[in-house]
1. Could you count how many residues in the stretch 80-98 are open to solvent by less than 70 Å² (accessible area, probe 1.4 Å), closer than 12 Å to P112 by Cβ and in a helix (DSSP H, G or I)?
2. Suppose we filter the stretch 59-79 for residues that are touching a residue at least 12 places away in the same chain (Cβ under 8 Å) and either open to solvent by 100 Å² or more (accessible area, probe 1.4 Å) or farther than 18 Å from K127 by Cβ (or both); how many remain?
3. Would you confirm, using the coordinates I've provided, whether F54 is open to solvent by 60 Å² or more (accessible area, probe 1.4 Å), hydrophobic (A, V, I, L, M, F, W, C) and over 28 Å from K127 (Cα atoms)?
4. May I ask you to list pairs of residues, at least six apart or on different chains, whose Cβ atoms are under 9 Å apart, with the first in the stretch 26-40 being over 15 Å from K51 (Cα atoms) and the second being of a type in the set (A, V, I, L, M, F, W, C) and at pLDDT 90 or above?
5. Go through the stretch 1-25 and count every residue that is surrounded by fewer than 10 Cβ atoms within 10 Å (Cβ to Cβ) and either touching a residue at least 24 places away in the same chain (Cβ under 8 Å) or not in a loop (DSSP other than H, G, I, E, B) (or both).
6. With respect to the numbered conditions (1) under 28 Å from F74 (Cβ atoms); (2) at pLDDT below 90, which one is the sole condition not fulfilled by S121?
7. Please work out if E55 is under 30 Å from P112 (Cβ atoms) and part of a loop (DSSP other than H, G, I, E, B).
8. Is it the case that some residue within the stretch 106-116 is within 15 Å of A143 (Cβ to Cβ) and in contact (Cβ under 8 Å) with a residue 12 or more places away in the chain?
Amino acid sequence: MGLHNLSPAPGSHRSRRRLGRGPGSGLGKTSGKGHKGSMARSGHGGPGGGKPHFEGGQMPITRRIPKRGFTNPFREEAQVVRLNDLVKVQGDEVSVESLLAAGLIRVGQGAPKLLANGEVSRALTVKGGVRVSAGAKAKIEAAGGRIDA
């Protein structure tokens, strides 16, 4: 048995429809699309298909509802670092470089911010470039650490 002997199972393969090949084929002239109408057009396939947001001529919902609000294009999203994650940081200095080395933050994804989830077991020094929440600041200072802005 070789690749040249292989063939599809009987009845599993249908030959493709050859549209627009004369009246004898049954799919000539309009090629099975009837006369005019949205189903005869290319691209836009009638109800439920085709043009996104098209609602049969009625005013689309994206145009009916009022537009409100504002998205600030300059918003800076912080990268969240929890206090219980700081066990991965080598040494007692928490900086952008040490957080990168520990794999807790990524480059170019925003400034890191320490949140007060978990406890601090050792005295840590938080260097500049790392934001600290009020709760995290209290826990770090209670553990004997300090924040250098």
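1. Residues in the stretch 80-98 being open to solvent by less than 70 Å² (accessible area, probe 1.4 Å), closer than 12 Å to P112 by Cβ and in a helix (DSSP H, G or I): 4 in total.
2. First, pick out the residues of the stretch 59-79 that are touching a residue at least 12 places away in the same chain (Cβ under 8 Å): 76-79.
Pick out the ones that are also either open to solvent by 100 Å² or more (accessible area, probe 1.4 Å) or farther than 18 Å from K127 by Cβ (or both) and you get 76-77.
Total satisfying the criteria: 2.
3. Answer is yes for this residue.
4. Once the first residue is over 15 Å from K51 (Cα atoms) and sits in the stretch 26-40, its partners that are of a type in the set (A, V, I, L, M, F, W, C) and at pLDDT 90 or above give L27/L19; G28/L19; S31/L19; G32/L19; K33/L19.
5. If we filter the stretch 1-25 for residues that are surrounded by fewer than 10 Cβ atoms within 10 Å (Cβ to Cβ), which is where we start, we get 1-16, 23-24.
Now restrict to residues that are either touching a residue at least 24 places away in the same chain (Cβ under 8 Å) or not in a loop (DSSP other than H, G, I, E, B) (or both): 3-5, 23-24.
Number satisfying all stated conditions: 5.
6. (1)
7. Details: under 30 Å from P112 (Cβ atoms): no; part of a loop (DSSP other than H, G, I, E, B): yes.
Against the criterion (under 30 Å from P112 (Cβ atoms) and part of a loop (DSSP other than H, G, I, E, B)), E55 does not qualify.
8. Of the residues in the stretch 106-116, the ones within 15 Å of A143 (Cβ to Cβ) are 114, 116.
Adding the requirement that they be in contact (Cβ under 8 Å) with a residue 12 or more places away in the chain leaves 114, 116.
Yes, there is a match, as at least one residue in the stretch 106-116 is within 15 Å of A143 (Cβ to Cβ) and in contact (Cβ under 8 Å) with a residue 12 or more places away in the chain.
The values are calculated or read from the model by the stated rules, or taken from the named source; none is laboratory data. Just so it is clear, the structure is predicted and the values come from calculations on it, not from any experiment. Quick reminder, even Gly has a Cβ in these numbers, built from the backbone with ideal geometry, and neighbours come from all protein chains shown. These accessible areas exclude ligands, DNA and RNA; they are computed on the full protein's heavy atoms, side chains included. Shrake-Rupley method; radii C 1.70, N 1.55, O 1.52, S 1.80 Å.
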